[in-house]
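The values are calculated or read from the model by the stated rules, or taken from the named source; none is laboratory data. Not measured: the values here are computed from a predicted model. Positions of Cβ are generated from backbone atoms using ideal geometry, with glycine treated the same way; all protein chains shown enter the neighbour counts.
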Amino acid sequence: MTVLHAILILAAGLAAGTINAVVGSGTLVTFPVLLGLGYSPLVANMSNNVGLAPGGVSGVVGYRHELGGQRARALRLGAGSVAGGIVGAVLLMTLPASAFKAIVPAFIVLALVGVVFQRRIARALVHRRPRGEHGGALTLGLVFVLGIYGGYFGAAQGILLIAVLGLLVSDTLQRTNALKNVLASTVNTVAALAFVLFGTVDWGVAGLIAAGSIAGGQLGAHVGRRLPDAALRALIVVVGCFALVKLWTGWPG
C-alpha cells in the first residue's frame with residue numbers, strides 16, 4: 001500500500017463515517033475507492049465492513065441524546081438486526097454477490113419513495129399502524145430483512161431503515177435517525193465479527209477506514225443533529241439518488 005493509497009482510504013473512511021451518521025450509505029464512498037485501488041470485491045466488502053463498524057458506534061454515541069427513552073425499542077428491533085446481520089454475513093461468504101446486488105436498486109427506489117412521501121403515507125396508515133411503541137411484528141420483520149441486506153452488502157442500509165422506521169414507528173425524524181444508527185451499527189458489528197473469524201480481511205485497509213470513520217461518526221452526528229427535518233429528508237433523497245446512479249452505472253474497476 002502506497003502513502004497516497006493510504007491517504008485516499010483514510011479520507012474515504014472519514015467521509016463514510018460522516019455520511020453514515022447523518023443518513024447512511026457510507027459504503028458508496030469506501031467500496032468504490034477500494035475497488036478502484038485494485039482490491040477484490042470480496043476483500044473490499046469485508047474489510048470495508050470491519051472498518052466502518054467502529055464508526056457506526058461513534059455515530060451512535062454522537063446521537064445519544066436522541067436515543068433517550070428508546071431503550072426498549074432499540075433492544076427489541078436490535079434483536080432482529082443481530083439475526084439478520086448473521087444471515088447476511090453467511091450469505092456473503094457463501095453466495096456470489098451478483099445474486100443479491102441485482103435487486104439493490106429496487107430496494108433504494110422503494111426507500112426513497114417512502115422517505116419523500118413519508119408524511120402522506122403515514123397519514124394514510126395512521127389507523128392501520130401496528131399498536132405499541134415498537135411498531136409491531138411488521139417492523140421487526142422488516143428490520144430483520146434489512147439486517148440480512150446490511151450483513152451482505154450494506155450500501156444504503158441507512159436509507160432503507162429510515163424509510164421503514166419513519167413509516168411504522170411514531171417519532172420525530174431525528175430520533176428515528178438515532179435509532180437507525182443503532183440498528184445499522186448492530187448489523188455492521190455482527191457482520192464484522194463474522195468476517196474477522198471466518199472471512200478475508202485486509203487489516204491495513206480496515207484500520208485506516210476505522211480511524212477515518214470514528215472521526216467521521218462524531219462529525220456526522222454534530223452536523224446531522226442540527227439539521228431541520230426537511231433538510232435531513234432532502235439529504236437522504238440526494239444520497240439515495242447518488243446510490244442509484246452508482247449502482248446503475250456500475251462500480252469502478
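Computed values, structure above
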{"quantity": "Candidate set: region 115-156, residues that are over 21 Å from Leu75 (Cα atoms) and of a type in the set (D, E, K, R); chosen: the one modelled with the lowest pLDDT", "calculated": "Arg128"}
{"quantity": "Candidates Ala15, Ala106, Ala72, Ala83 - the one that is of a type in the set (A, V, I, L, M), assigned to a helix (DSSP H, G or I) and free of Cβ contacts under 8 Å to residues at least 40 places away in the same chain", "calculated": "Ala106"}
{"quantity": "Scan of region 2-33 for residues that are among the small types (Gly, Ala, Ser) and surrounded by fewer than 24 Cβ atoms within 10 Å (Cβ to Cβ), ordered by number", "calculated": "Ala6, Ala11, Ala15"}
{"quantity": "Candidate set from region 1-53 (those that are at pLDDT below 85 and polar (S, T, N, Q)); member that is farthest from the chain's Cα centre (by Cα)", "calculated": "Ser40"}
{"quantity": "Of all residues making up region 86-103, the number that are free of Cβ contacts under 8 Å to residues at least 60 places away in the same chain and within 16 Å of Thr189 (Cα to Cα)", "calculated": "0"}
{"quantity": "Filtered residues of region 82-114 (kept if modelled with pLDDT under 85 and either over 30 Å from Ser170 (Cα atoms) or in contact with a Lys or Arg (Cβ under 6 Å, 6 or more places away or on another chain) (or both))", "calculated": "Leu95, Pro96, Ala97, Ser98, Ala99, Phe100, Lys101, Ala102"}
